[in-house]
1. Using +1 at the C-beta of Lys and Arg and -1 at the C-beta of Asp and Glu, which of B:Gly135, B:Asn112, B:Thr94 has the Cα lying farthest in the positive direction of the dipole of the range B:88-148?
2. In units of 2.2 N^0.38 Å, what is the alpha-carbon radius of gyration of chain B?
3. GNM on chain A, C-alpha springs below 10 Å: top fluctuator among A:Val299, A:Val173, A:Val45?
4. I need the fraction of alpha carbon pairs in the range A:221-279 separated by more than 17 Å, rounded to a whole percent.
5. Could you give the spread of the C-alpha atoms of the range B:15-62 along their three principal axes, from largest to smallest, in whole angstroms?
6. Here is the link list: B:Lys17/B:Lys42; B:Lys17/B:Lys239; B:Lys122/B:Lys196; B:Lys42/B:Lys191; B:Lys54/B:Lys196. Which ones come out longer than 18 Å on Cα distance?
7. So what does log10 I(q)/I(0) come out to for the range A:88-148 at q = 0.24 Å⁻¹, using the Debye formula with one equal point on every Cα and no solvent?
8. Could you tell me how far the Cα centroid of the range B:216-239 sits from the Cα centroid of the range B:132-157, in Å?
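Every number here is computed from the coordinates shown, using simple stated rules; none is lab data. All of these numbers come straight from a predicted model, not from anything done at the bench. When we count neighbours, we look across all protein chains shown, and the Cβ atoms used for this are built from the backbone with ideal geometry, even at glycine.
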Amino acid sequence: MNRRRALKIVGGGIASLFLLLLPVLLPEVDVHLATEILIFALFAVSFNLLLGYCGLLPFGHAACFGVGAYATALIFKHITGMPFLITLLISALSGFVGALIIGFFCVRLSGSYFALISLAFQMFLYAVALKWRDVTNGDDGMGVTRPDLYLPGLGTLSLMNIQYLYYVTLVIVALAILACYLFLKTPLGHAAVSMRENVIRASFLGYNVFLTRLAIFSFSGFLAGISGALFVVFEEFVATTVMDVHMSFTVILMATIGGTGHFLGPVLGAVFLMVFQDWISSLTKHWWLFMGIVFVMVVLYAEGGLIGLFKWEKIRALFVSEKES
Amino acid sequence: MAILRLQDIYKDFSGLKVLFGVSMEVQQGECHAIIGPNGAGKSTLFNIITGLYKPSRGEITFLNQDITRSSIHKIARMGLSRSFQIINIFPKMTVFENIRIAVVSRFNRRFNITSFLSRDRKILEESDKILSLIGMRDARDVPACEMSYGMQRQLELALTLARDPILILLDEPTAGLNAEETRSIVTLIRKVIQGKTLVIVEHDMEVVFNLADRITVLNYGQVLATGTPDEIRGSEEVKKAYLGRI
């Protein structure tokens, strides 16, 4: 057990060091990719809060991502000089409120009904973004200028500089993922898991299933809102693609390929999918075909997703012979 | 004092009539058994009392409050706890985690996000106490699904008790157990229900006559008789309907 802990600490230390030194170690184009990966990692973690921990599979999780994204774009468009962090907070709260409203109708359902109703809400928001041209500029989208970030002691950082944007994204994503991790350790987090396991028993123990799920759905929306906001700042642009079906299914792929049974599975899935997509799309324009093959392979041969390949038992078996164990 | 009162309960599942005007009272501190042949409506009655089904007609009061239309979790929080005929636990969680999730609810920490569950001493101590009471200390960290059927029955009972309920409803707690396991679960029930009120549905007559202070006999969705075990034993009607002529 101690070795396992040591391995985790060493692994975490190396990963943290790599993330901190990444802009120095890798060329700028890869820093761009890494920033995007961080944003999607948070989005995938927020998604997995629902699928992995609550047992709810939303087909329309991009709705909250999109609400956060549009909130940021509209604030920057209409309110000049709005501080970045306050914009981020408002966008996250928009994601929270959006999820609260959608969740109010969705979380009383489960299984395919839940999945499809969440998709219906996402399509509704997509249609609003597409048709309400006066506000959203439809599928032409809106350009966004990356803001400056004032930090006491450090002065003003221009997020036009990709290295600064990378570090700011890293800190925000790390804090949000940490908050999610700690949240799952609380009684409310455990309540969500109990409902995934046996919803009837949980209600007979006095748990209000509707309110518990709504709370978690809203928190997930909050995190998705943050990732949506960061995505707009990174892309310097927002369009309806932030809340289309493709976006919803991308996050499902990330979480499933990475592994929904482990907290960091979706993070690994985001890393793998984005790097793989980056590589394969430079080789062929039919890259989705290969993504599909990877998805099928993982589902068939990597039980528990890619993170399942790194199980302690498997790692241990590499170093410890059968006789010793 | 009657803590649970059912008045004229009817239940109709889209035309299939299961209960016809069931009225009964459960007195504080008693062990009240509900018996009857298969299909008599015993489990339906349990499901109606605990809020899983709503009655088509009639009224249920618990602690002088109308709970006829209350939701499951509200009834549970009032101090009414039940076990299930088919084991209903959290299969992938360990025995300890199963009990802990019930204790969290009991201490009203269901929506708490300011503390870590693994460091909440009050909840940990209480969960361990229940674990000891139920005699499952050795199985503390075993996933519930990996335990024997008999132990899962024990855990089912522990989950029912962990909220420290006022009224406990046990739905066939010995179903599927062998004679030895039945004896041990009956001993356990006796030990843990002290000072509480119990309603038990059971097919094993030895268990019923061993535990019950009063018995209600259901037949085809109606109350055939209510009385002490001796009265029920002596009732000709009950013999005809259920026990058979001895």
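1. B:Asn112
2. For chain B, the normalised Cα radius of gyration is 1.03.
3. In the Gaussian network model the winner is A:Val299.
4. On the way: 803 of 1711 pairs.
I get 47 percent for the Cα pairs in the range A:221-279 exceeding 17 Å.
5. 37, 24, 18
6. Values: B:Lys17/B:Lys42 13 Å; B:Lys17/B:Lys239 24 Å; B:Lys122/B:Lys196 23 Å; B:Lys42/B:Lys191 25 Å; B:Lys54/B:Lys196 26 Å.
Among B:Lys17/B:Lys42; B:Lys17/B:Lys239; B:Lys122/B:Lys196; B:Lys42/B:Lys191; B:Lys54/B:Lys196, the Cα-Cα distance tops 18 Å for B:Lys17/B:Lys239; B:Lys122/B:Lys196; B:Lys42/B:Lys191; B:Lys54/B:Lys196.
7. The Cα Debye sum returns log10 ratios of -1.04.
8. 35 Å
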